[in-house]
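Asks: Quick one: this structure, given as structure tokens, is what I'll be asking you about.
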Amino acid sequence: MTQGYRLHWKVIDDILIACSTAGEVPQELWKDLIADVRKHRVTKVIGLSLGQSSISSSQRKEVSELARLQGIRLVNITDDKLVRGIMTALSWLGVNVIAFPMSQLREGIASLKLPLPLQERVYTEAVELRRLTERP
């Protein structure tokens, strides 16, 4: 397990909001996250990456297959160029993904074309998850 790594998420309807710190996602957390994506039939994901977070090649393959099966639209919010590169690689695997800098969190959420009240709820939850994840 990556020491000090933190990952928190919440599901609202068919939207998963996740926030992670730098490092590779430990397999135990990954399994729990993927289980929730399947259980809640998630079709939209907003992922906030605080630093250079990464996923293994097997995790990339799993998420790309699941995204295609469930028609998931992924919005990644990060200021890290490496993470944006991972998003580009996922798009090459057929994942519907777009990345925004942290300063454009609202725009990233808006790109999902949610009703305005739901956009506000998702924004509030994303900000709260970020606060929670940034805590040591």
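The values are calculated or read from the model by the stated rules, or taken from the named source; none is laboratory data. Not measured: the values here are computed from a predicted model. Note: ideal-geometry Cβ built from the backbone for every residue, glycine included; neighbour counts use all protein chains shown.
Asks: For Val25, only one of the following conditions fails: (1) within 24 Å of Pro136 (Cα to Cα); (2) touching a residue at least 24 places away in the same chain (Cβ under 8 Å); (3) out of contact with any Leu (no Cβ under 9 Å at 6 or more places or on another chain). What is its number?
Replies: Failed condition: (3).
Asks: Pick from the stretch 39-65 the residues that are of a type in the set (Lys, Arg) and within 22 Å of Asp80 (Cβ to Cβ): which of them is surrounded by the fewest Cβ atoms within 10 Å (Cβ to Cβ)? Reasoning before the result, please.
Replies: Step one: filter the stretch 39-65 for residues of a type in the set (Lys, Arg), giving 39, 41, 44, 60-61.
Checking which are within 22 Å of Asp80 (Cβ to Cβ) leaves us with 44, 60-61.
Values: Lys44: 23, Arg60: 16, Lys61: 12.
Applying the filter and picking the extreme gives Lys61.
Asks: Report whether or not Lys81 is charged (D, E, K, R) and at pLDDT 90 or above. Walk me through how you get there before you give the answer.
Replies: On the way: charged (D, E, K, R): yes; at pLDDT 90 or above: no.
No; evaluated as a whole, the condition is false for this residue.
Asks: Give Leu50, Leu112 a once-over and let me know the one that is in contact (Cβ under 8 Å) with a residue 60 or more places away in the chain, hydrophobic (A, V, I, L, M, F, W, C) and more than 27 Å from Arg135 (Cα to Cα).
Replies: Leu112
Asks: Among the residues of the stretch 23-43, is any modelled with pLDDT under 95 and basic (Lys, Arg)?
Replies: No.
Asks: For residues that are more than 20 Å from Leu82 (Cα to Cα), of a type in the set (A, V, I, L, M, F, W, C) and not in a helix (DSSP H, G or I), scanning just the stretch 1-38, find the one that is farthest from the chain's Cα centre (by Cα).
Replies: Checking each candidate, the answer is Met1.
Asks: Name the strands (runs of 3 or more DSSP E) wholly inside the stretch 39-136 in which the number of residues that are over 21 Å from Ile12 (Cβ atoms) and not acidic (Asp, Glu) is 3 or more.
Replies: Once the strands (runs of 3 or more DSSP E) in the stretch 39-136 are filtered for at least 3 residues that are over 21 Å from Ile12 (Cβ atoms) and not acidic (Asp, Glu), what remains is 44-54.
Asks: Moving on to the next point. Among the residues in the stretch 44-52, are any at pLDDT below 90 and under 20 Å from Gly108 (Cα atoms)? Walk me through how you get there before you give the answer.
Replies: Taking the stretch 44-52 and keeping what is at pLDDT below 90, we get 51-52.
Next, from what is left, pick out any that are under 20 Å from Gly108 (Cα atoms): 51-52.
The answer is yes; a qualifying residue exists.
Asks: Condition (residue is crowded, with 19+ Cβ neighbours inside 10 Å and charged (D, E, K, R)) applied to the stretch 79-90: is it met by at least one residue?
Replies: yes
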